[in-house]
Amino acid sequence: MNNNTNIGKAMKATTLILILILCALLTADTLQAQLIRQSKAMIGASSGFSKSSQFQMNVSVGQPISGTSASSQFRQGVGFWNGDGGGGQPPIPLMFYNDGWNMVSVPFVVPNYSKSFIFPTSSSSAFSYQGGYQQQDTLKHGVGYWLKFPGNQALPLQGGPRNSDTLELADNWNMIGATSIPVDTANIIQVPENLISTNYFGYNSGYFATNIIEPGKAYWVKAKGVGSIILKDVAPPPNSFTSQQLPAHREEMVEEALNTISFTVNDDASSSRGKQQVLQFGFETGEKMNLEKFELPPVPPVGAFDIRFASNRLVEILPSRIQEPVELPVRFQTNNLPITVTMSLKHQDEVKYSLVEREGKKMVAFHKLEQNRSLTISINEDKKYFLRVESVPKEFFLHQNYPNPFNPVTTIRFDLPSPATVTLQMFNILGQEVATELHKREMEEGQHAIDFDASLLPTGLYFYRINVLSISNGKHFQDTKTMMLVK
């Protein structure tokens, strides 16, 4: 009898435990589902976020919110999540970060300033900037950091508000942090006045100019000397505004009168898909353009997307008349991913554009750029890349070699007003052929140059002869000139 009673009590206790566990699981599932619905609704309703991004929230109570997006990247910004799912508690700010490298800061007063506590899902060390990148384990207010995340993130950052801050700036570039409310850059106080010499730059798969400093983000700014800036704005407290109320803050630095060349990462298998950088160039006019405002901040850490002219600018200005070909160096940091290049031209008459690849001084690839025509290239860190701009010749012409006399290398230039097949041969004084640099090679219109190395030839007088056959109209051109090798 006693045994039967004990067994019955044990079965009731086990049943009760199972019921409690089941209720807990159902409650957790309900809370997670409700949170996902609220987060998706917040993201879809926001003017700053794409409704098609399908951001997947992976939520555990008391843990950072993280997830992935069906698209390669989503709009960074600020949103909110009601922690109890019913509006009984004040909303928690969510800071959104992209897969890969982001610029972040600490906008609130928190109990622990270690990187691992504030950004537990990050996958890299935090790097601040003081004339160079420096690893930091403990974060500070007012300082910006580079930080890498393994996938798109939505992190709830809670703590005491910091609605204003005074930031000390060093001469040149500074990476600054944000306060707990958005700040319009027009309201930032500069001490001394006119301390800032550039735009404020954020980073979202590439640098962009901004007029809003958002909580949780970091920004670059260049100072003309030592000084300070005061971040203070008139705005509602953090738990009373939504991302819908944030002003449009991305400023496209595009000059309508300039030519545009767009570079887009083109790898569907990579989270880098869709990253784009736009560079511009034009010609001198009567109005002088202030190129300083187009200067970019320091290059991001290795692995972050970045494309710029070697001058560290987004814009270059060329002479009004192109007499000799001009090559503008372009620097790529794209993890060697394929790049789609598209050109939009304002100036097309009698000017030719191309993207040139070089190994040392040797040209190894030549890509003609045409209006609204895209091409795809593979970036190799062992090569150097140049945007080449040259006048289109009006007639076939063979130039005198330079230098002349020479030892042992000289350059031979020739002009092609249209695509043609070209043969370039060298002869000694007896009329014997000693070298053939080009043999019926098809070449584009433009100004061309060939380096001739006479290391194996003795001192003497030589002739070089060009034979050209136009591909478009069959016109034939031939010319011969002399050159002197002196060893």
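The values are calculated or read from the model by the stated rules, or taken from the named source; none is laboratory data. Keep in mind that this is a model prediction, so the values were computed, not measured. Glycine also receives a Cβ, built like all others from the backbone with ideal geometry; neighbour counts cover every protein chain displayed. Surface accessibility is based on the protein's heavy atoms, side chains included, excluding ligands, DNA and RNA. Shrake-Rupley method; radii C 1.70, N 1.55, O 1.52, S 1.80 Å.
Okay, residues lined up against (1) touching a Gly at 6+ places or on another chain (Cβ under 7 Å); (2) at pLDDT 85 or above; (3) not polar (S, T, N, Q):
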position: 343; (1), (2), (3): no, yes, yes
position: 349; (1), (2), (3): no, no, yes
position: 356; (1), (2), (3): no, yes, yes
position: 363; (1), (2), (3): no, no, yes
position: 369; (1), (2), (3): no, yes, yes
position: 378; (1), (2), (3): no, yes, no
position: 384; (1), (2), (3): no, yes, yes
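Every listed requirement among (1) assigned to a strand (DSSP E or B); (2) within 30 Å of residue 100 (Cα to Cα) is met by residue 382 save one, (1).
Those residues that are hydroxyl-bearing (Ser, Thr, Tyr) and buried (at least 19 other Cβ atoms within 10 Å of the Cβ), I need them from segment 211-228; list them, please. Once the filter is applied, which keeps residues that are hydroxyl-bearing (Ser, Thr, Tyr) and buried (at least 19 other Cβ atoms within 10 Å of the Cβ), segment 211-228 yields only 219.
For segment 290-304, a residue qualifies if it is in contact (Cβ under 8 Å) with a residue 40 or more places away in the chain, open to solvent by 10 Å² or more (accessible area, probe 1.4 Å) and either within 21 Å of residue 221 (Cβ to Cβ) or of a type outside the set (Gly, Ala, Ser) (or both), and the qualifying residues are 292, 293, 295, 298, 301.
Screening residue 117 on (1) open to solvent by less than 60 Å² (accessible area, probe 1.4 Å); (2) closer than 15 Å to residue 95 by Cβ; (3) hydrophobic (A, V, I, L, M, F, W, C); (4) without any contact (Cβ under 8 Å) to a residue 60 or more places away in the chain shows it passes everything except condition (1).
Can you name the residue in segment 317-351 that is free of Cβ contacts under 8 Å to residues at least 40 places away in the same chain and surrounded by 15 or more Cβ atoms within 10 Å (Cβ to Cβ) and, of all such residues, is farthest from residue 391 (Cα to Cα)? Of everything passing the filter in segment 317-351, 333 is farthest from residue 391 (Cα to Cα). Taking segment 192-207, which residues are assigned to a strand (DSSP E or B) and surrounded by fewer than 18 Cβ atoms within 10 Å (Cβ to Cβ)? Listed by number, the list is empty, since nothing qualifies.
Conditions (1) under 30 Å from residue 486 (Cα atoms); (2) open to solvent by less than 40 Å² (accessible area, probe 1.4 Å); (3) under 24 Å from the mean Cα position of the chain (by Cα), marked per residue:
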residue	(1), (2), (3)
371	no, no, yes
374	no, no, yes
388	no, yes, yes
396	yes, yes, no
403	yes, no, no
414	yes, yes, no
418	no, yes, no
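Checking each residue in segment 279-300 for being of a type outside the set (A, V, I, L, M), in contact with a Lys or Arg (Cβ under 8 Å, 6 or more places away or on another chain) and part of a loop (DSSP other than H, G, I, E, B) picks out only 297. Any residue at all in segment 347-358 that's farther than 27 Å from residue 477 by Cβ and of a type in the set (Ser, Thr, Tyr)? Checking segment 347-358: not a single residue is farther than 27 Å from residue 477 by Cβ and of a type in the set (Ser, Thr, Tyr). Taking the numbered list (1) in contact (Cβ under 8 Å) with a residue 12 or more places away in the chain; (2) open to solvent by less than 60 Å² (accessible area, probe 1.4 Å); (3) over 22 Å from residue 358 (Cβ atoms) in turn, residue 474 passes all entries but (1). In this structure, is residue 354 small (Gly, Ala, Ser), surrounded by 14 or more Cβ atoms within 10 Å (Cβ to Cβ) and farther than 26 Å from residue 204 by Cα? Here the answer is yes, as residue 354 does meet what is asked.
On the stretch given as segment 444-482, residues that are closer than 25 Å to residue 368 by Cβ and among the basic types (Lys, Arg) total 1. Here 315, 364, 392 are screened, and the one residue that is within 18 Å of residue 258 (Cβ to Cβ) and among the β-branched types (Val, Ile, Thr) is 315. Here segment 424-434 is the region considered, the condition is being open to solvent by 20 Å² or more (accessible area, probe 1.4 Å) and touching a strand residue (DSSP E or B) at 6+ places or on another chain (Cβ under 6 Å), and the residue that is farthest from residue 470 (Cα to Cα) is 429.
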